[in-house]
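As structure tokens, the structure follows; a few thoughts come after it.
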Amino acid sequence: MSSNKRVLYIGNVLSKHGFSVTTIETLGPQLESLGYKLTYSSDKKQMHWRLLSMMWAVVRNRKQVSKVLIDTYSNNAFWYAYFVALVCRSVKLSYMPILHGGRLPIWIKEHLWASKQLFANSFINISPSHYNMQAFEAEGFKTCFIPNNICIADYPFTERKTCVPKLLYVRSFDQIYNPIMAIKVLAGLLDKYPEVQLCMVGPDKDGSQKTCEELAKKLNVHNALKITGRLSKQEWHSLSQEYSIFINTTNIDNLPVSVIEAMALGLPVVSTNAGGLPFLIADKSDGILVEKNQPQQMVDAIIDIIESDTLAHSMSLNARRKAESFDWEEVKVQWMNILDS
């Protein structure tokens with residue numbers, strides 16, 4: 001096989017340790033289906049061993065691969081990409097950071113020297129969102145847009161011609177996703193809709209689940225709240241048929257796949273306008289955007305959807321159409337163009 005078809009993919013392959021599936025475990029097999037031969041690193045749970053494993057993978061595979069994909073985040077995770085890229089440059093191997101996380105535009109300004117080392121020396125930087133792409137291009141980093149994708153055929157469309165007060169949240173319990181706002185929204189809807197329900201799907205990452213449970217009891221909405229923990233995609237897709245509206249309360253975001261998935265399933269989405277979400281959602285067309293940490297605005301938006309069958313129906317149809325543009329069949333051509341160049 002030509003070295004042009006051999007790719008080293010660096011990221012966190014940690015689902016076997018109980019962590020959430022990340023892009024490397026979904027995009028990797030998709031690229032393999034196109035005929036590329038991928039090598040992955042790393043599945044080491046301990047952070048220092050994982051970094052060493054990633055760096056060694058570059059050295060070990062330097063003569064077999066033509067390019068290196070690096071899942072890249074902000075905060076401490078940034079340094080994985082930084083040191084892996086340093087090794088890539090030392091062995092003269094082209095690398096391409098994939099820009100995840102809604103805090104990267106802030107991070108590159110706060111750590112400009114290190115960011116220049118990583119991003120200015122890459123073959124190209126790949127952004128799943130226009131939000132990150134704009135920020136990186138503003139700093140002079142060569143960047144292209146390849147969105148997160150889904151296989152649309154895997155998402156059964158349920159056409160919502162009317163909506164009832166049954167809300168679905170699918171995100172980790174993590175402060176950056178502001179799950180506590182979902183509890184406040186639930187409480188804000190209770191007086192108008194005594195039958196309101198909220199289902200929260202996702203793992204507890206930082207103890208936020210307990211905080212949400214305690215607030216729900218304090219606000220006397222605990223009987224209207226269901227927390228499932230982590231579910232597989234198939235499980236929560238099936239569960240979604242029981243719900244009418246998808247809420248996304250995050251304070252920091254990029255291009256969340258869970259929101260794209262909700263749109264594909266026909267759920268009207270009410271989301272904060274954090275990060276890349278205004279680039280994804282056309283306000284009052286295929287979703288509704290509200291200000292961050294403003295639960296009353298989200299309550300009002302949900303009421304608008306419930307009280308207007310016309311709005312609910314049009315948003316459901318438009319959301320599905322938007323999601324279809326993220327289908328793998330549409331996106332795969334962009335990956336082939338980059339990897340074959």
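The values are calculated or read from the model by the stated rules, or taken from the named source; none is laboratory data. Only a predicted model underlies this, so the values are computations on that prediction, with no experimental measurement involved. Neighbour counts are summed over all protein chains in view; Cβ atoms, including those assigned to glycine, are modelled from backbone coordinates with ideal geometry. The protein model used for the area step is the full one, side chains on, heavy atoms only, and it has no ligands, DNA or RNA in it. Shrake-Rupley method; radii C 1.70, N 1.55, O 1.52, S 1.80 Å.
Listing for the model above:
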read-out	value
Span-rule helices in the chain, defined as complete DSSP H runs reaching 20 Å or more along the axis (Cα) with Kyte mean at least -1.0	309-324
Cα-based convex hull, region 1-155, per residue volume (Å³, whole number)	118
Fraction of accessible area attributable to carbon and sulfur, region 273-323 (%, probe 1.4 Å)	45
Reach of Lys44 by Cα under 25 Å, taken over lysines that are not fewer than 8 positions away in the same chain	Lys16, Lys63, Lys67, Lys205, Lys233
Mean accessible surface per residue for the chain, computed with a 1.4 Å probe while every protein chain stays in place, in Å²	44
Gain upon complete extension [Glu32, Glu214; 0.36 nm per residue less C-alpha separation]	61.0 nm
Karplus-derived HN-Hα couplings along region 121-129 (A = 6.51, B = -1.76, C = 1.60, θ = phi - 60°), whole Hz, x at Gly and Pro	9, 7, 4, 6, 9, 10, 10, x, 9
Neighbourhood net charge (15 Å Cβ-Cβ; Lys/Arg +1, Asp/Glu -1) for Leu86	+4
Net +/- balance of residues flanking Leu189 in space, Cβ distance below 11 Å, scoring K and R +1, D and E -1	0
Solution diffusion estimate, µm²/s, Stokes-Einstein, the chain, Kirkwood Rh from C-alpha pairs, 37 °C, viscosity 0.692 mPa s	157
Lys, Arg +1 and Asp, Glu -1 on Cβ, resulting dipole of region 156-309 about Cα centre, debye, nearest 20	320
Sites Thr162 and Gln294, calculated FRET efficiency, Cβ-Cβ separation with R0 30 Å, nearest 0.05	0.70
Restricting region 89-137 to trypsin sites (Lys or Arg not before Pro) in coil, as DSSP defines it, with at most 11 other Cβ within 10 Å	Lys92
Contact order normalised by residue count of region 227-341, Cα under 8 Å, 6+ apart, percent	24
Cα lying deepest toward the dipole's positive end in region 183-341, options Tyr193, Ile338, Val290, charges on Cβ	Tyr193
Efficiency of FRET from Cβ geometry, Thr22 and Ala120, R₀ 25 Å, rounded to 0.05	0.50
Added length on full extension, which subtracts the Cα-Cα distance from 0.36 nm per residue, Glu330 to Ser238	30.6 nm
Range in the chain, longest, excluding exposed GluC sites (Glu not before Pro) [loop by DSSP; at most 13 other beta-carbon atoms within 10 Å]	1-158
Sequence-distant residues sharing a close amide H with Ile227 (under 5 Å, placed H)	Met200
Helix-derived mean residue ellipticity, 222 nm - over the chain, DSSP H n ≥ 4, -39500 (n - 2.57), to 500	-12500 deg cm²/dmol
Residue list for region 90-119, given a label point 7 angstrom along the Cα-to-Cβ vector of Lys142 and an amide N cut-off under 16 Å	92-98, 116-119
Heavy atoms of Arg60 accessible to a 1.4 Å probe, total area in Å² rounded to 10	120
Approximate spin-label separation Ser341-Ser314, in nm, with each point projected 7 Å along Cα-to-Cβ	3.9
Region 86-108 versus region 141-169: alpha-carbon centroid distance in Å	27
Extension gain from Asn251 to Asp206, taking 0.36 nm per residue of separation minus the Cα-Cα distance	14.7 nm
Debye, to nearest 20: dipole size of the chain, +1 on Lys, Arg Cβ, -1 on Asp, Glu Cβ	1540
Cα principal axis extents for region 31-86, largest first, Å	33, 21, 21
Percent carbon-and-sulfur accessible area, region 29-177, ignoring ligands, DNA and RNA, probe 1.4 Å	56
Surface accessible to a 1.4 Å probe, Ile180 within the full protein complex, Å²	50
